[in-house]
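Following: one structure in structure tokens, then a few remarks.
The values are calculated or read from the model by the stated rules, or taken from the named source; none is laboratory data. Every value quoted in this text rests on a predicted model; they were computed, and no experiment measured them. Here Cβ is always computed from backbone atoms with ideal geometry, including for glycine, and neighbour counts include all displayed protein chains.
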Amino acid sequence: MVIVSTLGDRLRAWVAATGIDPMLVPAVGEVAARFDAAADPCRPGVDPRQIDSWERRHGFALPAGLRAWLVLSNGFYRNDAPLIHPLSAIGPMVPFAHVPDLVVQPESWFELGNPNVETVCIDLAYRWPGPDGGNPIFTSGDDQAQSPPRLIATSFDAWFLELLRRGGREYWFDPDFTALGDPWTEHRRHTPAPPLPDRLRPLAPQVRPLMRPGADDLSIATTLGITRGDVEALFRHLQHSPRGFAGP
């Protein structure tokens with residue numbers, strides 16, 4: 001476990017650990033000044049072996065920048081609100097908004113933090129195209145506020161650096177902020193459909209008309225003589241295609 005004292009110390013150590021171009025990093029003194037007026041935004045770091053255990057349990061690797069930060073500070077806070085959750089609270093995203101054409105949430109969507117207005121999430125299934133792309137960051141959206149989910153950064157590093165520049169403010173709600181698209185559309189664009197066992201392929205045409213949010217998977221499973229896990233596998237596969245047909 002790495003032990004450092006101030007936010008400035010941690011930021012310097014994070015830059016060194018990630019190899020980020022120092023020219024892209026806001027001045028440490030300026031960052032510290034923006035956060036020092038509030039309660040300490042940092043916490044003691046987590047043992048890397050706990051991160052390894054998290055990755056084995058969930059089946060996805062955390063981006064290097066997030067791993068490095070958690071080792072230095074297990075979370076990141078502004079006025080006690082978790083801009084970045086501690087490791088134990090980084091878990092499957094809780095949906096707050098309807099997403100068109102989505103029936104079963106991707107297993108790669110994880111809640112990263114809960115600053116205030118909406119939760120901030122990360123897609124661990126793919127890297128955004130381009131040399132500086134990483135696991136994209138997006139907001140959960142909120143149906144009550146009529147706010148759809150939005151991609152807000154191409155990587156954890158890009159999002160975290162901008163968050164530091166803004167003193168932890170949710171800058172992605174600024175009127176002039178331009179989102180990068182819809183997280184589900186981009187997930188389908190950049191990841192293959194989950195594989196479907198051969199034994200389930202003949203059932204795809206029967207299941208497709210039954211796919212809808214809140215579908216009764218137990219009833220479908222009973223009718224077709226399969227398990228609820230089989231129904232979920234069919235849903236996950238079929239929802240990747242706009243036409244809803246099983247792939248070759």
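Figures for the structure shown
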read-out: Cβ pairs under 8 Å, 6+ apart, first in the stretch 226-248 and closer than 17 Å to Pro209 by Cβ, second modelled with pLDDT under 90 and acidic (Asp, Glu); value: Gln239/Asp101; Pro242/Asp101
read-out: Residue within the stretch 100-113 that is modelled with pLDDT under 90 and touching a Gly at 6+ places or on another chain (Cβ under 8 Å) present; value: no
read-out: Which listed residue is over 27 Å from Pro41 (Cα atoms) and touching an Asp or Glu at 6+ places or on another chain (Cβ under 8 Å), from Arg228, Arg201; value: Arg228
read-out: Residue selected from the stretch 114-136 under the condition surrounded by fewer than 21 Cβ atoms within 10 Å (Cβ to Cβ) and of a type in the set (S, T, N, Q), by the criterion modelled with the lowest pLDDT; value: Asn116
read-out: Candidate set from the stretch 218-248 (those that are under 26 Å from Thr185 (Cβ atoms) and polar (S, T, N, Q)); member that is modelled with the highest pLDDT; value: Gln239
read-out: Any hit, the stretch 92-105, residues being crowded, with 17+ Cβ neighbours inside 10 Å, touching a Leu at 6+ places or on another chain (Cβ under 6 Å) and in the same structural domain as Ala158 (by TED's automatic domain parsing); value: no
read-out: Any hit, the stretch 7-27, residues being in contact with a Lys or Arg (Cβ under 6 Å, 6 or more places away or on another chain) and either farther than 26 Å from Gly133 by Cβ or of a type outside the set (Ser, Thr, Tyr) (or both); value: yes
read-out: Any strands (runs of 3 or more DSSP E) falling wholly within the stretch 47-124 and containing at least 1 residues that are more than 20 Å from Leu151 (Cβ to Cβ) and touching a residue at least 12 places away in the same chain (Cβ under 8 Å); value: 76-78, 81-84
read-out: Filter result for Thr139 (among the β-branched types (Val, Ile, Thr) and surrounded by fewer than 18 Cβ atoms within 10 Å (Cβ to Cβ)); value: no
